[in-house]
Amino acid sequence: MKFCTVKQYFDDENNNNVTNGIATTVIPLPNKHLKIKANNKEMEQYEQELLRNVMPQELTKLILAANYLNFKEALDFFCRTVANAIQNKSVDYVRKFFGLESDFEPGEEEKLCKEFAWSFEGVDED
Amino acid sequence: MEVCIDFLNWLDPDISVQILMYLEDPSDLVRVSSLSRSWRDFVIANGFFKHLCLRMFPQLSRVARVMELNKCRAKKPVEVGSSYSMEWESLARDHRVYATLAQVCTSFIIEDCISEAISASSTDHYPNESIHNTLVPWRASYWSSKGQSNPAEPETLIYKLKSEFCVITEINICPDHELISSWHIYSSNSVRFRMGHPKGPNDLGSCHLGDSLPCNADDTFIWTYTSPEFPMAQEGCLQKFRLPEPVLCIGGILQIELLGRAQRHEMDGLFYICISYVQVVGRSLSPTFCVEILEPSGTFVLKNDTQGKFYTPPSLPKNEAHEISDDQLQRGFRYRQHLVNILGGNEYAVEFIDEYESGEEEDEAEVEYAL
């Protein structure tokens, strides 16, 4: 079941959705998952290793690939990784991470900071 | 040139929702909604804070609607979304109220949440051994049930909490010793907790401390939470019963069910349960939050007083609170043992002296307790 879309991907030569680089990252995952499923710590280490070299921009592509290949475990994993990457980080850091710019009116952002002052304290250093 | 990977533009909304659902700290969600307008609108539209609060406290599923009290309105509300509408305003209100609720519920200030004792299912030697005695830790006094020949006969103790909206994390109970003969401990075999609210606004009055006749709890209260059953040790020390998850007590009423009697009294051969101290640990969310219970549906309105300041009690760190209680309990027990030794084990004389001394002891004890 996990491999239906993968098969389709290989059959479909004109596939623009998933580049080769991304495919080589995502496709070995099922096997790895099965091999070290029992050992959570090993899985964590493998996942950390995998992501150490992945730039934030690639994460979007990884997610799109996992979604296209209908590979739920990888999708969950990548989503969780994004969430972990932005946990306890400042607003500026997260904006840089996503490559976003603020489009708030001048007063709006201050109002938010004031209303929820408690949430802007104690973040990690950038 | 940095590549913009704004997820909201690239991904299905379902996947963006999935990512944000992994954020469990309310502060992270607030910061995400401060990134840009589209992120803010996305967080509001998908009710992330409401979902977060519901995951933390399933008791909130009974919320019919939320209200904001004392909210200062600007001349015209600042536009909160792409189209200003009643539905959007409702979502935005949910967002603000549940964000505040998530934040206060995850802050770790704790206090003893009992305000007063309401009633016990039975009381021996009323009023000397009433439930009122369980409110103070140090005193050499206790609540006792009536004796029963059937050890399976349960007892219940009902308390009113500091407010109608409290987060409760654990309940601590100290069963009582008997000092006359060999240290019998009148605990129960197990204990279970319920939380809820009075059926009607006047029901509490008919069921108050001072009645020697206990009220029928199931007629008077509606229970919205029942804990698992915890085994109770046959030890006369402060026993901690930590709830599997923090629980929102909506309505401010807590019941302790004492199941199975462990100890038979030598004199009359009947089974009794005696408790010397009860502590309910958590925090009151008043005055920032209050609830209005809608009968007969049993749903409620969650009200956030935007100007309500939190009373922050001088809370003791958890371990310290328990050590003090245990120490004061030990002092109380040694006092009673001393009396027993003097009087050569005459039970009736001990009771008399307890009453006589209790006035003085109370003042002393209250000073100690406040420290």
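The values are calculated or read from the model by the stated rules, or taken from the named source; none is laboratory data. The structure displayed is predicted, hence computed values, not measured ones. Quick reminder, even Gly has a Cβ in these numbers, built from the backbone with ideal geometry, and neighbours come from all protein chains shown. For the accessible areas, the whole protein counts, side chains as well, though only heavy atoms, and no ligand, DNA or RNA atoms are used. Shrake-Rupley method; radii C 1.70, N 1.55, O 1.52, S 1.80 Å.
Can you give the Rg to Rh ratio for the stretch B:111-284, taking only C-alpha atoms and Rh from Kirkwood? Provide the component values of the computation, followed by the final result.
Numbers: Rg = 15.1 Å, Rh = 16.0 Å.
My calculation puts Rg/Rh at 0.95.
If R₀ is 35 angstrom, what is the calculated FRET efficiency for the pair residue A:80 and residue B:233, using the beta carbon separation as r and rounding to 0.05? It would help to have the intermediate numbers written out before the result.
Values: r = 41 Å, r/R0 = 1.16.
It comes to 0.30.
Here are some pairs, A:114/B:303; A:111/B:199; A:89/A:114; A:114/B:240; A:89/B:50; which of them have Cα atoms lying more than 30 Å apart in this structure?
On the way: A:114/B:303 21 Å; A:111/B:199 42 Å; A:89/A:114 18 Å; A:114/B:240 39 Å; A:89/B:50 22 Å.
Violating the 30 Å limit, Cα to Cα: A:111/B:199; A:114/B:240.
For the stretch B:115-178, what class follows from the C-alpha gyration tensor (a ≥ b ≥ c being the square roots of its eigenvalues): rounded when a/c is under 1.5, otherwise prolate if a/b is larger than b/c, else oblate? Numbers along the way, then the final one.
Working: a/c = 1.84, a/b = 1.53, b/c = 1.20.
Note, shape of the stretch B:115-178 comes out prolate.
Could you order peptides B:143-153, A:58-68 by the average number of other Cβ atoms within 10 Å of their residues, highest first?
Details: B:143-153: 17.5, A:58-68: 21.7.
Peptide ranking by packing, descending: A:58-68, B:143-153.
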query = Peptide A:92-101: average number of partner chain Cβ atoms within 10 Å per residue?
reply = 5
message = Suppose we compare each residue of the stretch B:22-37 in its chain alone and in the full protein complex with a 1.4 Å probe; which ones drop by at least 50 Å² of accessible area?
response = B:22, B:30, B:31, B:34, B:35, B:37
ask   = What FRET efficiency, computed as 1/(1 + (r/R0)^6) with R0 = 35 Å and r the Cβ-Cβ distance, is obtained for residue A:70 and residue B:45, rounded to the nearest 0.05?
value = 0.85
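Taking all protein chains together and a probe of 1.4 Å, list B:192, A:80 from the most accessible to the least accessible.
Details: B:192 55, A:80 90 Å².
Order by accessible area, largest first: A:80, B:192.
I need the calculated FRET efficiency for the pair residue B:305 and residue B:109, taking r as the beta carbon distance and R₀ as 25 Å, to the nearest 0.05. All intermediate terms of the calculation are to be shown ahead of the outcome.
Values: r = 18 Å, r/R0 = 0.73.
Plugging the Cβ-Cβ distance into 1/(1 + (r/R0)^6) gives 0.85.
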Label-zone membership for the stretch B:244-284, site residue B:61, 7 angstrom Cα→C-beta point, backbone N under 20 Å = B:244-252
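Ignore the peptide's own chain and count Cβ atoms of other chains within 10 Å of each Cβ in B:228-236; give me the average, rounded.
Working: counts 0, 0, 0, 0, 0, 0, 0, 0, 0.
Partner-chain Cβ atoms within 10 Å, mean over residues of B:228-236: 0.
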remark   = For peptide A:63-73, the mean count of other chain Cβ atoms within 10 Å per residue Cβ is 2
